[in-house]
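*Asks:* What follows is a single structure, and I will ask about it in a moment.
The values are calculated or read from the model by the stated rules, or taken from the named source; none is laboratory data. Bear in mind that the values here come from a model prediction, so they are computed numbers and not experimental data. Every residue, glycine as well, gets a Cβ built from its backbone with ideal geometry; the counts of neighbours run over all protein chains shown. These area figures cover heavy atoms from the full protein model, side chains too; ligands, DNA and RNA do not enter into them. Shrake-Rupley method; radii C 1.70, N 1.55, O 1.52, S 1.80 Å.
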Amino acid sequence: QVQLVESGGGLVQAGGSLRLSCAASGRTFSTYGMGWFRQAPGKEREFVASIRSIVGKDYADSGKGRFTISRDNAKNTVYLQMNNLKPENTAVYYCAATESGTSWYQHHRYDYWGQGTQVTVSS
């Protein structure tokens, strides 16, 4: 069982930056694939970025060049650095873990989820 706790959300002006963190419990964090998703009001949960247990990162087209996912296995933490934020990036951002260790775009393939952290980008 893995527990995930996100932090780092907040209110930022368009063009600003935020770094989200997701702290995971458990001794096998390094074997999990990790993902970030977001959900805006009235919309479906959508893929943002993911990082595999060994090598490999994937990004949604909307975040390429602006978002960077990384992980620190020693700290059991995955990060999402978001630069040049836009109002359309406003959403609740969720961290997710998959025991498969790979990278999935589909949210239903993830086994564990955090509670989410709100990101609001003002214009």
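*Asks:* Keeping all protein chains in place, calculate the accessible area per residue for the chain (probe 1.4 angstrom), answer in Å².
*Replies:* 52
*Asks:* If you don't mind, another one. Under a Cβ-only charge scheme (Lys and Arg +1, Asp and Glu -1), can you give me the dipole magnitude of the chain about the Cα centre, in debye to the nearest 20?
*Replies:* The dipole of the chain has a size of about 200 debye.
*Asks:* Let me ask another. Roughly speaking, what is the stretch gain from I54 to A74, that is 0.36 nm per residue apart minus the C-alpha to C-alpha distance, in nm to one decimal?
*Replies:* 5.8 nm
*Asks:* Over the Cα atoms of the stretch 1-51, what is the Rg over Rh ratio if Rh follows Kirkwood? Mind showing how you got there, number by number?
*Replies:* Details: Rg = 13.3 Å, Rh = 13.1 Å.
When Rh is taken as the Kirkwood radius, the ratio is 1.02.
*Asks:* I've got another one for you. Please report the projected area of the stretch 1-101's Cα convex hull averaged over all directions, in nm².
*Replies:* About 6.3 nm², averaged over all directions.
*Asks:* Ranked by accessible surface with a 1.4 Å probe, highest first, in what order do K86, K75, K57 come?
*Replies:* K75, K57, K86
*Asks:* Can I ask one more? Assuming R0 = 35 Å, what is the FRET efficiency of S100 and L11, from their Cβ-Cβ distance, to the nearest 0.05?
*Replies:* 0.50
*Asks:* While we're on this one: With a Förster radius of 25 Å, plug the Cβ-Cβ distance of S62 and R19 into 1/(1 + (r/R0)^6) and report the FRET value to the nearest 0.05.
*Replies:* Details: r = 18 Å, r/R0 = 0.72.
It comes to 0.90.
*Asks:* Here's a follow-up. Would you mind telling me which residue in T28, T90, T77 has the biggest mean-square fluctuation in a Gaussian network model of the chain, where springs connect alpha carbons within a distance under 10 angstrom?
*Replies:* T28
*Asks:* Roughly what % of DSSP beta bridges within the chain run antiparallel, to the nearest 5?
*Replies:* 90
*Asks:* If you don't mind, another one. To the nearest 10 square angstrom, how much accessible area does E88 have with a 1.4 angstrom probe?
*Replies:* Approximately 130 Å² for this residue.
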